[in-house]
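Undergrad: Got a structure here, written out as C-alpha cells. Questions coming.
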Amino acid sequence: MTQATAAATGAAATERFSTDKVVTGDTPPERVSLLARQILEAVYATIREHQVTYDEYDALKAWLIQVGADGEWPLFLDVFVEHVVEEVANANREGSKGTIEGPFYAPGAPAFATPATLPMRPDEKGTPMTFHGQVRAVDGTPLGGALVDIWHCDDEGFYAQFAPGIPEWNLRGRVTADESGHFTIRTIKPAPYQIPTDGATGAIIRAANWHAWRPAHLHLKVSAPGHQLITTQLYFPGDPHNDDDIASAVKPELMLDPKPIGDGVDVEYDFILDPAA
Ligand code: DHB
Ligand code: FE
C-alpha cells in the first residue's frame, strides 16, 4: 500500500478544514485583545524564565513556517490544543463524556439503518468487531432514530479520505438507531495510530524526544433531535498508550469492555445525550 505521508495527510486535513468549517471571525475586539495579550504574555514569560536565545527564536520561526508549508496546523492543534477547548466546552454536560474530534472527520458519510456494516474492502484486515448500544436522554428516555456517525482508522492506522490508496468512506458511516434507540454496527477493530512523523509535527516530537502514538480509538458524533450532539471517542483496555496519549484525549468513562466472540470482539456502549441548550 502507498505509505501515508505527513504532506499528503496534512494537506488533506487542511483542505477539509477550509471547506467544511465556517469560520465567522466575529469575535469582538476586546476579547481578541484579551486573548492575544495573554498568550503573548505567556510567551514572554517563557522566554525570560528560560533565557531563550536568538538561535532558538530562529528555529521557532523556521518551524512555524514549516507547519504551514506541510499543511499540518489541523494536526498539530488537534493533538496539542483541542483537548482543553473540549474540556471547557463540555464542562457542564450531564450526559456522556465527549473528547476531541481530531483532524480526520468527514461529514456526509454513507447512511445506513441499524444493523449496519461499515463500508470496507473485501479483504479488510483486522479483528472483526460488533459495536452496539443504546442512545438515551439524561432521564433515561430512549432516543429512537438517533444518529451514530462513526469513523475510524484501518488495521494499519490509516484514515480513508486522508491517507492515499484507501477507498473513499472506508470504515466511515452514519447509522440510524431503531425506535428504541438501539444500534448495531459491524466493523473491524482500529489499530493504534501514530500521528504522521515525517512533517513539522513529527520534527518537534523528535526534537523533544516525545512519542507520536494515540491509542486505538473509535471516533463518534452521536445526535438526536432536541438534544446536544456529542463528539467523542472510545478506547480499548490494555492499549500501551491509554495512559500517555499524545493528544491527551483518553478519559476513564470512554473505555470499552470488549468480549471475545467467535473470531472477533463484541463491544457495547450506551450514549446519554443532554437536552438542547
Ligand atoms: C490526530 C489524529 C487522530 O486520529 C486523532 O484522533 C487526533 C489527532 C492527528 O494526527 O493530529
Ligand atoms: Fe483518530
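The values are calculated or read from the model by the stated rules, or taken from the named source; none is laboratory data. This is a predicted model, so every value here is computed, not measured. Positions of Cβ are generated from backbone atoms using ideal geometry, with glycine treated the same way; all protein chains shown enter the neighbour counts. For the accessible areas, the whole protein counts, side chains as well, though only heavy atoms, and no ligand, DNA or RNA atoms are used. Shrake-Rupley method; radii C 1.70, N 1.55, O 1.52, S 1.80 Å.
Undergrad: Across the stretch 132-158, what is the total count of residues that are at negative phi, in a loop (DSSP other than H, G, I, E, B) and within 16 Å of ligand 2 (Cβ to nearest atom)?
TA: 6
Undergrad: Still on this structure: Only residues that are hydrophobic (A, V, I, L, M, F, W, C) and open to solvent by 50 Å² or more (accessible area, probe 1.4 Å): list them for the stretch 98-146, please. Outline the logic, then answer.
TA: Going residue by residue through the stretch 98-146, those that are hydrophobic (A, V, I, L, M, F, W, C) are 100, 104, 106, 109, 111-113, 116, 118, 120, 129, 131, 135, 137-138, 143, 146.
Answer for the stretch 98-146, where residues must be hydrophobic (A, V, I, L, M, F, W, C) and open to solvent by 50 Å² or more (accessible area, probe 1.4 Å): Ala111, Phe112, Ala113, Met120, Val138.
Undergrad: Ok, one more. Could you list all residues from the stretch 179-190 that are open to solvent by 10 Å² or more (accessible area, probe 1.4 Å), more than 16 Å from ligand 2 (Cβ to nearest atom) and under 15 Å from His152 (Cβ atoms)?
TA: At the first step, the residues of the stretch 179-190 found to be open to solvent by 10 Å² or more (accessible area, probe 1.4 Å) are 179-180, 182, 184, 186, 189.
Add one more test, that the residue is more than 16 Å from ligand 2 (Cβ to nearest atom), and what stays is 179-180, 182, 184, 186.
Arg186, the sole residue that qualifies.
Undergrad: The conditions are (1) surrounded by fewer than 19 Cβ atoms within 10 Å (Cβ to Cβ); (2) among the basic types (Lys, Arg); (3) closer than 18 Å to Phe76 by Cα, and Arg214 fails exactly one of them. Which is it?
TA: That leaves (1) as the condition not met.
Undergrad: Then there is this: Checking the conditions here, which among Gly145, Gly108 is small (Gly, Ala, Ser) and modelled with pLDDT under 95?
TA: Gly145
Undergrad: Of all the residues that make up the stretch 17-46, how many are open to solvent by less than 90 Å² (accessible area, probe 1.4 Å), hydrophobic (A, V, I, L, M, F, W, C) and closer than 21 Å to Ala200 by Cβ?
TA: So the answer is 1.
Undergrad: Next up: Among the residues of the stretch 226-241, is there at least one that is closer than 22 Å to His132 by Cβ, in contact (Cβ under 8 Å) with a residue 60 or more places away in the chain and more than 15 Å from ligand 2 (Cβ to nearest atom)?
TA: yes
Undergrad: List every residue pair whose Cβ atoms sit under 7 Å apart, with the two residues 6 or more apart in sequence or on different chains, where the first one lies in the stretch 174-201 and is farther than 26 Å from Asp263 by Cα and the second, anywhere, is of a type in the set (Lys, Arg) and buried (at least 17 other Cβ atoms within 10 Å of the Cβ).
TA: These pairs meet every condition: Gly181/Arg136; Ile195/Arg214.
Undergrad: I've got another one for you. Does Gln194 satisfy the condition of being within 16 Å of ligand 1 (Cβ to nearest atom), within 19 Å of the chain's Cα centre (by Cα) and at positive phi?
TA: Values: within 16 Å of ligand 1 (Cβ to nearest atom): yes; within 19 Å of the chain's Cα centre (by Cα): yes; at positive phi: no.
The answer is no for Gln194.
Undergrad: Looking at the stretch 248-266, I want the residues that are open to solvent by 90 Å² or more (accessible area, probe 1.4 Å) and have a partner that is of a type in the set (A, V, I, L, M) with Cβ atoms under 9 Å, at least 6 apart or on another chain. Which pairs are those?
TA: Asp257/Val267; Lys259/Val265; Lys259/Val267
Undergrad: I'd like to verify a number: residues in the stretch 228-247 that are outside any loop (DSSP other than H, G, I, E, B) and buried (at least 20 other Cβ atoms within 10 Å of the Cβ), how many?
TA: Quick first cut of the stretch 228-247, residues outside any loop (DSSP other than H, G, I, E, B) only: 230-235.
From the residues that got through so far, the ones that are buried (at least 20 other Cβ atoms within 10 Å of the Cβ) too are 230, 232-235.
The number of residues fulfilling the criteria is 5.
Undergrad: While we're looking at this one, here's another question. Considering only the stretch 191-202, how many residues are open to solvent by 40 Å² or more (accessible area, probe 1.4 Å) and over 15 Å from Ala11 (Cα atoms)?
TA: Just the residues of the stretch 191-202 that are open to solvent by 40 Å² or more (accessible area, probe 1.4 Å), to begin with: 192, 194, 197-198.
Restricting the remaining residues to those that are over 15 Å from Ala11 (Cα atoms) gives 192, 194.
Result for the stretch 191-202: 2.
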